[in-house]
Amino acid sequence: MSVAPATFYKRVEEAIGDQRLQGALDLAMARLQATRSASLKTFPDSDAVRDQARRIRAHTLSRLDHYLDEFTRNVEAKGGTVFYAHTAADAVRYVCDLARAKGVQSVVKSKSMVTEELELNGYLEATGATIVETDLGEWVVQLAHDHPSHIVAPIIHWTREDVAKLFKKEVGATDEDLVDVPQMTAFARRTLRRAFLQADMGISGVNFAIASTGSVTICTNEGNGRLTTTLPRIHVAMMGIERIVPTPEDLAIMLQMLGRSATGQKLTVYTNMLTGPRRQQEGEPDGPEELHVVMLDNGRSKLLGGELGEILYCIRCGACLNICPVYQEIGGHAYGSVYPGPVGAVLTPGLRGIADFHELPNASSLCGACREVCPVRIDIPRMLLKLREEATHDPQVVAKATPLWLRMGLRGYRWMALRPGLFRFAGRAGGVMMRLMARDGWIKKLPGPLGGWTQSRDFPAAPAKSFTQRWQEQHKGGQAKQQERSARS
Amino acid sequence: MTPENREQMLRVLRDSLKSANLPAATPEHPASLVYSDERTAWSSGTDIDTLTMRFRKELDALAGVTYPVESVDEAAAQIAELAQRFDTTRLLGWDAAAFESIGVPGLIDRLTARGLSMVAQQVPFSGDARRDCLTGLDPLPLGLTGADAGLAESGSIVLSSGPGRGRLASLMVPVHIAVLRRDRMVFALSDLFRLRPDLAAMPGSNLVCITGPSRTADIEMTLSRGVHGPREIHVILL
């Protein structure tokens, strides 16, 4: 699920220095924001719909035991199988055992965040099966051994030329296949269709599950979600336990919100609702023989019982990424987690512990834009602050995030700051030092560990007179004395 | 789900919920959202023409094509014309009873009379037979289905799977033709589930809303169509 977390600042540095990434992000973020704003206007009262969406999510989670149980019974009544996976290992084991038991040789996948979280592909390959990602962007990521950088647009960090080169090298595309994006898309269709026709098992994510009917809903624009759940004889649907709504009417509210918030569409092209496997007895001509639903907990129930439960309202639209001034600059990879952006900055430390991901809640200016655009009005800044507070109480984080010299330095500062005479003297001495180092009033480079300050900006030298000196000069006479008196009393 | 697995799930969740703090959570299931008057008037289906106009406008914007026709005869003629354009006489599609169930009886007979044939679509359950069957269906250029409903707001068609109603005819083919009765139009997905309890009950293993042709913008945010599903969608409005 992650790259080495200790290198967060390094990844940020790389991202900011990557001109190509910066260009791609500028283009994509502006477009996604514009389409979202335009499409929300097509609701007669988008605020009312958002409030309703929030109420549905909040209520459902507050009775999650009830709704998951109802969902399970209804899936089973329609001939499907449900498994509750308490840990990531439980989920991986279930899917791999199933693949082995059914003699699965090839697997097609449509986009699923949960399987990324589990790093399922590697485990499945170990059973001897081949796995093909079928979402165009996810396929590129798989061929290149890269990671998705956005929830909705996984390869915004790739150019057309990069993809062309990759197709040529990895899957034998000819120059003719690569003349323009539609040709490349047609090439992908042909190549991936062969994988679909061969596959024994299709693994999909789940956007929402409906408790009252036992249905899972999978939204894709490309149609790979439908092929994955129709052509192979076994369909495995992987969902987080929080991805549930009580009724089809509730689902409609969420879907109308999801399309608009994610890509500015009124509905995703293929909104696919699946209720059990193919009903052959009734005469349905196609569809999978078996349906397995894996409900993944993997830390979610713990989140549910704590201060960060609200993050589970998330419907994975990506709007908070697109609006976030930090994400806009650093992109998805810098977060070092499957779930990037503001939502990831809460979800990742929430699911996997603050110790390894303590930088993420700090990768935010707390401007509140994410809360503003969130279709279910999640108060992300509140939870970021909560996590920052938590980090200060975690000895492991304190040890890691604050190096010894800094801790000693801060202790020394405290000792000095409590002694006014010494403090004034140190201030004057520091000022002199700074003026000696400065050129035209600016310091271009500070020595040692202080160099971080001047890495991307100049540091102004201290003025010749300290604040205290100027205060005393300006308030000479009665005023100053009066001040002193009132300060003393 | 084994009893142990269910018990584990319920125990874990109930434990967590004891200390949960979920802003805006109500003990009762939130009541349905009532839309504005304009919407309610539309949803009640009194103004089919307005709904149809909106449907055509929306689908047109997504590069889907609509053909208003006045009879099943005209619908068959339109389908025959499209078949000719794509140079085929064999269509992957729903059977006669399925078209009857959506209020378009006699369509298949009329197509047969025009020299078109429907390809049998029963896919074997497993093994090589399944693979061979799917591989055989794959090159067919045209799929023909009905639609159980239309969503005017988004230009979507709604299809349920069932006997004689395969999923492949709207999925595998490069070009999809659907026949939709105009009186089956509602405004939005919310209205569909409220006004059509038969569909809200999920009558088949698959209920799908299709909104325009298959599309992707993964590469440089450049739109291209037909990446996995049909690149063209033609809706005949009866």
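FYI, it's all coordinate maths here, none of it is from the lab. Computed from a prediction, not measured in an experiment: that's the story for all the values here. A quick note on method: Cβ atoms are made from the backbone with ideal geometry, for glycine too, and the neighbour counts reach across all protein chains shown.
Going from the fewest other Cβ atoms within 10 Å to the most, the residues B:112, A:81, A:185 appear in the order B:112, A:81, A:185. When DSSP beta bridges are restricted to pairs lying wholly in chain B, around 30% turn out antiparallel. Taking every DSSP beta bridge that has both ends in the protein assembly as shown, the antiparallel portion is near 35%. Excluding the site residues themselves, the longest part of chain A lacking any trypsin sites (Lys or Arg not before Pro) in a DSSP loop with at most 10 other Cβ atoms within 10 Å is A:42-456. Among B:19, B:156, B:126, the residue with the largest mean-square fluctuation in a Gaussian network model of chain B, with springs joining Cα atoms closer than 10 Å, is B:19. In chain B, the DSSP-assigned H stretches of four residues or longer account for a calculated mean residue ellipticity at 222 nm of -10500 deg cm²/dmol, using -39500 (n - 2.57) per stretch and the full residue count as denominator.
Comparing B:13, B:92, B:144 in a Gaussian network model of chain B where C-alpha atoms under 10 Å apart are linked, the largest mean-square fluctuation is found at B:13.
Remark: mean inter-chain Cβ contacts per residue of A:256-267 equal 3, using a 10 Å Cβ-Cβ cutoff to other protein chain atoms.
Note on chain B: with charges restricted to the Cβ of Lys and Arg (+1) and Asp and Glu (-1), its dipole about the Cα centre is near 400 debye. Look at A:326, A:294 and count the other Cβ atoms within 10 Å of each Cβ; fewest to most, that gives A:326, A:294. Taking chain B as a Gaussian network of alpha-carbon nodes connected by springs under 10 Å, the highest mean-square fluctuation of the residues B:30, B:124, B:68 belongs to B:30.
Along chain B, counting only GluC sites (Glu not before Pro) with a DSSP assignment other than H, G, I, E or B and at most 13 other Cβ atoms inside a 10 Å radius, the longest segment between sites is B:71-238. Placing +1 on the Cβ of each Lys and Arg and -1 on the Cβ of each Asp and Glu in the protein assembly as shown, which of A:255, B:210, A:101 has its Cα farthest towards the positive end of the resulting dipole? Highest projection toward the positive end goes to A:255.
Beyond 40 Å, what percent of the Cα pairs of chain A remain? Distances greater than 40 Å cover 32 percent of the Cα pairs. Computed from backbone phi with θ = phi - 60° and the Karplus coefficients 6.51, -1.76 and 1.60, the 3J(HN,Hα) list for the range A:289-306 is 6, 10, 10, 10, 10, 9, 9, 9, 8, 6, x, 5, 5, 5, 4, 4, x, x Hz; x is used for glycine and proline. By other beta-carbon atoms within 10 Å, ranking B:94, A:405 with the fewest at the front produces A:405, B:94. Classify the range A:405-488 as rounded, prolate or oblate from the Cα gyration tensor: take a ≥ b ≥ c as the square roots of its eigenvalues, call it rounded if a/c is under 1.5, otherwise prolate when a/b beats b/c and oblate if not. Here the range A:405-488 falls in the oblate category. Between rounded, prolate and oblate, where does the range A:368-436 land on the alpha carbon gyration tensor, with a ≥ b ≥ c its root eigenvalues, rounded for a/c under 1.5, else prolate if a/b exceeds b/c? It is prolate, given that a/c is not under 1.5 and a/b is the larger ratio. Bridging of residue A:444 to aspartates and glutamates at a Cα separation below 20 Å is possible for A:13, A:458, once same-chain residues fewer than 8 apart are set aside.
The residue list A:468, A:277, A:246 was ranked by how far each Cα lies along the charge dipole of the protein assembly as shown toward its positive end, using unit charges on Cβ atoms, and A:468 comes out on top. Computed from the C-alpha gyration tensor, the three semi-axes of the ellipsoid equivalent to the range A:307-421 are 31, 15, 13 Å, from longest to shortest.
Projecting the Cα atoms of A:405, A:450, A:417 onto the charge dipole of the range A:405-488, computed from C-beta unit charges around the Cα centre, puts A:417 farthest toward the positive end. Summing Lys and Arg as +1 and Asp and Glu as -1 over all other residues whose Cβ lies under 10 Å from the Cβ of residue B:214 gives a net charge of +3. Applying a 4.7 Å Cβ-Cβ cutoff to chain A leaves A:96, A:219, A:314, A:317, A:324, A:367, A:374 as cysteine residues with no disulfide-compatible partner.
Derived scalar couplings between HN and Hα for the range B:60-74 equal 4, 5, 9, 6, x, 10, 10, 9, x, 10, 10, 8, 5, 4, 4 Hz in order, rounded to whole Hz, by the Karplus curve 6.51 cos²θ - 1.76 cosθ + 1.60 (θ = phi - 60°), x for Gly and Pro. Taking every residue in B:193-199 and counting other chain Cβ atoms within 10 Å of its Cβ, the average works out to 2.
Whole-Hz Karplus values for the range B:48-58 come out as 5, 5, 4, 4, 5, 4, 4, 4, 5, 4, 5 Hz, taken residue by residue from phi with 6.51 cos²θ - 1.76 cosθ + 1.60 and θ = phi - 60°; glycine and proline positions read x.
Adding -39500 (n - 2.57) for every DSSP H run of four residues or longer, then dividing by how many residues chain A holds, sets the calculated 222 nm ellipticity at -16000 deg cm²/dmol.
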